[in-house]
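In what follows, a single structure is set out as structure tokens and then discussed.
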Amino acid sequence: MPRGTDQRPRHEQVAAELREQILSGDLAPGAQLPSTAQLMARFDAANATIQRALKSLKDEGFLNSRVGKGVYVRNQPPLVIDTGAYLPPDGSFSYELLDVETVDPPADVAIALGLADGEQTVRRRRILLHDGQPLELSASYYPASLAEGTPLSAPGKIVGGAPKVFTGLGLPPRAFVDRVSARPPTREEVEMLDLPVRAPVIRQLRVVLSDDDRPVEASVLVKGAHLYELQFRRLIPDSD
């Protein structure tokens, strides 16, 4: 079977190898990198190539330099976000509401919500913060026929959140389905999430289902892939 070849510049290849070691924990948080001479020998690369690779990783937040001491891996491991939690309860997370508008939804959202052509949604956009730093941009869409006249369409945060509103409407959330992809960020995402150059983003399309698998909410969740990981947990059904 024919295989592709890596056409990236050599410094990007070196950065990719080191990035993988950091993400896997083979280069532990706080660990000192080998010397430039050792990296040159290991990767059979010129000094300039190694320096460009290290600069890329510093720009992405994976490495930092200590004057007179060397280059070190960032002190914290990737932040693991449990996909089963709407908002972790440890107090380090908060969010700011950006806007609430009635809009035409993106095509994938319209399909996920089972909307007819031309049917609008109420969109609530937020930015999630972790210890005051931007973590995630989210846009939650609700069928306008359900949301209008409820706290979902009003400006300001919702006491008890959207699940409480839907429960009051007789549509309690029962499950959600995530579709996850990765892509380069948009300009807005780079600026709002303060992303480094070339950092990709993780995109989740989350559809919340009520009784009889009726979709009541679809959210697009976007976060930088360079510092964060998603954690999924599923029970394995008994095969006996």
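The values are calculated or read from the model by the stated rules, or taken from the named source; none is laboratory data. Everything numeric here is computed off the predicted structure, so don't read it as measured data. Methodologically, a virtual Cβ is constructed for each residue, glycine included, from the backbone with ideal geometry; neighbour enumeration extends over all protein chains shown. Quick note on the areas: whole protein, heavy atoms, side chains included, nothing else; ligands and nucleic acids left out. Shrake-Rupley method; radii C 1.70, N 1.55, O 1.52, S 1.80 Å.
What to note about this one:
- Within the stretch 1-17, being of a type outside the set (K, R) and open to solvent by 30 Å² or more (accessible area, probe 1.4 Å) holds for M1, P2, G4, T5, D6, Q7, P9, E12, Q13, E17.
- Residue check, L171 among the hydrophobic types (A, V, I, L, M, F, W, C), in contact with a Lys or Arg (Cβ under 9 Å, 6 or more places away or on another chain) and modelled with pLDDT of 95 or more: yes
- The single condition among (1) over 17 Å from the mean Cα position of the chain (by Cα); (2) of a type in the set (D, E, K, R); (3) open to solvent by 40 Å² or more (accessible area, probe 1.4 Å) that R74 does not satisfy is (3).
- Count of the stretch 18-27 residues which are open to solvent by 100 Å² or more (accessible area, probe 1.4 Å) and part of a helix (DSSP H, G or I): 1
- You will find that of E136, E101, E119, the residue that is under 19 Å from the mean Cα position of the chain (by Cα) and in contact (Cβ under 8 Å) with a residue 12 or more places away in the chain is E136 and no other.
- Counting only strands (runs of 3 or more DSSP E) that sit completely within the stretch 118-212, those holding 1 or more residues that are small (G, A, S), open to solvent by less than 20 Å² (accessible area, probe 1.4 Å) and within 15 Å of V100 (Cβ to Cβ) correspond to 133-143.
- Test: P88 is over 25 Å from Q21 (Cα atoms) and modelled with pLDDT under 90: yes
- Residues (surrounded by fewer than 20 Cβ atoms within 10 Å (Cβ to Cβ), charged (D, E, K, R) and over 19 Å from E119 (Cα atoms)) located in the stretch 213-240: D213, E229, R233, R234, D238, D240
- Test: V80 is modelled with pLDDT under 95, within 20 Å of the chain's Cα centre (by Cα) and not acidic (D, E): yes
- Residue, most open to solvent (accessible area, probe 1.4 Å), within the stretch 28-60, restricted to residues that are part of a loop (DSSP other than H, G, I, E, B) and under 17 Å from E12 (Cβ atoms): D44
- Cβ-Cβ under 7 Å pairs, at least 6 apart or on other chains, the stretch 187-206 side touching a residue at least 60 places away in the same chain (Cβ under 8 Å), far side in a helix (DSSP H, G or I) and surrounded by fewer than 19 Cβ atoms within 10 Å (Cβ to Cβ): P196/D59; V197/D59; L205/D108
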